[in-house]
Amino acid sequence: MAEAAKRNMIERIGGWFRSIPEFIVQVKAEARKIVWPTRKETTTTAIMVVIMTLTLGLFFFGVDNFFNAIVHWLLKLTGQG
């Protein structure tokens, strides 16, 4: 029984090594299908990311200040602020 398990393990490892060249061929085939964005597309996308980041940053800054004001107002009501 131990011999059969050992043989099975060797066959699995050997099969794994045989599949490496096939994997590399498939990776090369997929890499040929990649369509890279143009410089204009990359620039436009980067600008949109910066604009959205600033917009969301300002929005959450405002929301944070709003809730901060509410908490301070509630603390003043309870006499702890």
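Calculate the dipole size of the chain relative to its Cα centre from +1 charges on Lys and Arg beta carbons and -1 charges on Asp and Glu beta carbons; express the result in debye to the nearest 20.
On the way: 10 positive and 6 negative charges, 63 e Å.
Charge dipole, the chain, about its Cα centre: 300 debye, nearest 20.
As a rough footprinting exposure proxy, the listed residues Lys33, Lys76 were ranked by other beta carbons within 10 Å of their own, and the order from fewest upward is Lys33, Lys76.
Computed about its Cα centre, the charge dipole of the range 13-56 is approximately 140 debye, with only Lys, Arg, Asp and Glu carrying charge at their Cβ. With unit charges on the beta carbon (Lys/Arg positive, Asp/Glu negative), name the residue among Gly79, Trp36, Asn65 whose Cα is farthest towards the positive pole of the charge dipole of the chain. Looking along the dipole axis, the top candidate is Trp36.
So what is the 222 nm mean residue ellipticity for the chain from helices alone, if each DSSP H run of at least 4 adds -39500 (n - 2.57) and you divide by all residues, rounding to the nearest 500 deg cm²/dmol? One gets -32000 deg cm²/dmol as the mean residue ellipticity at 222 nm.
Across the range 59-74, computed HN-Hα scalar couplings (Karplus, 6.51 cos²θ - 1.76 cosθ + 1.60, θ = phi - 60°) run 4, 5, 4, x, 4, 4, 5, 4, 5, 4, 5, 4, 5, 5, 4, 5 Hz from first to last residue, x flagging Gly and Pro. Which of the three applies to the chain, rounded, prolate or oblate, going by the alpha-carbon gyration tensor with a ≥ b ≥ c and a/c under 1.5 meaning rounded? Since a/c reaches 1.5 but b/c is at least a/b, the shape of the chain is classed as oblate.
For Thr78, Thr55, the sequence from fewest to most other C-beta atoms within 10 Å is Thr78, Thr55. Taking each residue as 0.36 nm, the span from Leu75 to Ala4 lengthens on full extension beyond its C-alpha to C-alpha distance by 18.1 nm.
The numbers here are math on the coordinates, done by the rules we state, and not lab data. This is a predicted model, so every value here is computed, not measured. FYI the Cβ positions are ideal-geometry reconstructions off the backbone, even for glycines, and counts take in every protein chain you see.
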